[in-house]
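Just so you know, all these numbers are worked out from the coordinates, no wet-lab data involved. All values derive from a computational prediction rather than experimental measurement. Here the Cβ is made from the backbone with ideal geometry for all residues, glycine too, and neighbour counts use every protein chain on show.
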Amino acid sequence: MATLTHDRATSSATGLLWAVASASSFGLSGSLARGLMDAGWSSAAAVVVRLLVGATVLVPLALYHLRGRWSVLRRHLGLVTAYGLVAVAGCQLAYFNAVAHMQVGVALLIEYTAPVPVVLWMWLRHGQRPGRLTVLGALIGVAGLVLVLDLLSGVQVSTVGVLWALGAMAGAATYFVLSSNGAGEGEDGLPGTVLVAAGLVIGSIVLLVAGLLGVVPLEVSTAPVEFAAGTVAWWLPLLALGVVTAAVAYVTGVAAIRSLGSRLASFVALSEVVAAIAFAWLLLDELPGWVQVVGGTLILLGISVVKLGEGRRRDPAPDPTVPGRPAPEPAEA
């Protein structure tokens, strides 16, 4: 029993490290993309290249992990397709359209409420009712988001923007739920690198087609990119976007979700906002105010409270016959 407890604690600690690494990697994307957009890139073009570079990095590794077990990929084709269409391409498209109609802070706040539908899904689908500490931690985290995103100074709300932001939130929630699926044992399991690589390929193709059809603008530039520390060639931030904020971010994110479960991992992902502010400070010389510092502290406190509330609770085993839908837990004898 002591060994089992130690193994669970080790797995939880490792999962938290993966989750923080993923959140930090995702948090870097905003500052890098901002530099590119100031240099003449459209946000959609930057994301398309980001996903394509990430896919290029991960496809060889995914093929190695797959080891010719193409039947595994075929069995999880629905999961991979849903991941690429909804969790990657759909989420990105919805977010870009949201910020086109409303302030970025409000769109981010709505998208980062993704843990709420994750909690509801686990409750309605599996009967995992959230405890008091989980609810308290969620409230603390949301309060921190409001302060970090500086939403108290007055904002303008667009109905169309809100609908798109809700779509981005749904995409983010789907990312947390789908990432926990396919993690079977032995030869039947879908490696996380395969899920992410295939998802990035599908997502990049969908976004590229959307750009060619005029749904999102695709504008590129070879002008140097300026950051607080100096000017760099245009391809350097693109490379970092693809390798760090796509390949590394998604792979570590899937590893974290499969270790911690969808619910806890979705709350730890709130630390991405704190990471984004830190990188904006370093790369863009955007100093956070004291209100944002307090908000970041509340986010971390909320994550800690949720972690205490979750304990050793894990997501139920996934159902390989239905993409993105875990199987019901067997009844106790």
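Listing for the model above:
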{"item": "Over region 243-305: Kirkwood hydrodynamic radius from C-alpha pairwise inverse distances, Å", "result": "12.9 Å"}
{"item": "Cβ-derived FRET efficiency at R0 22 Å, residue 294 paired with residue 159, nearest 0.05", "result": "0.10"}
{"item": "Region 14-310 - charge dipole about Cα centre, Lys and Arg +1 at Cβ, Asp and Glu -1, debye rounded to 20", "result": "880 debye"}
{"item": "Net length gained if the chain between residue 143 and residue 231 were fully extended (0.36 nm per residue, minus Cα distance)", "result": "28.0 nm"}
{"item": "Two-decimal Rg/Rh across region 198-265, once Rg and the Kirkwood Rh are taken from alpha-carbon atoms", "result": "1.09"}
{"item": "Whole-Hz ³J(HN,Hα) from phi, Karplus 6.51 cos²θ - 1.76 cosθ + 1.60, for region 128-139, glycine and proline x", "result": "8, 5, x, x, 5, 5, 5, 5, 4, x, 5, 5"}
{"item": "Cα-based Kirkwood hydrodynamic radius, region 14-310, one decimal, Å", "result": "19.4 Å"}
{"item": "Nearest-0.05 FRET efficiency for residue 125 and residue 221, computed from C-beta distance (R0 45 Å)", "result": "0.50"}
{"item": "FRET efficiency estimate (nearest 0.05) - Cβ-Cβ, residue 74 to residue 278, R0 35 angstrom", "result": "0.25"}
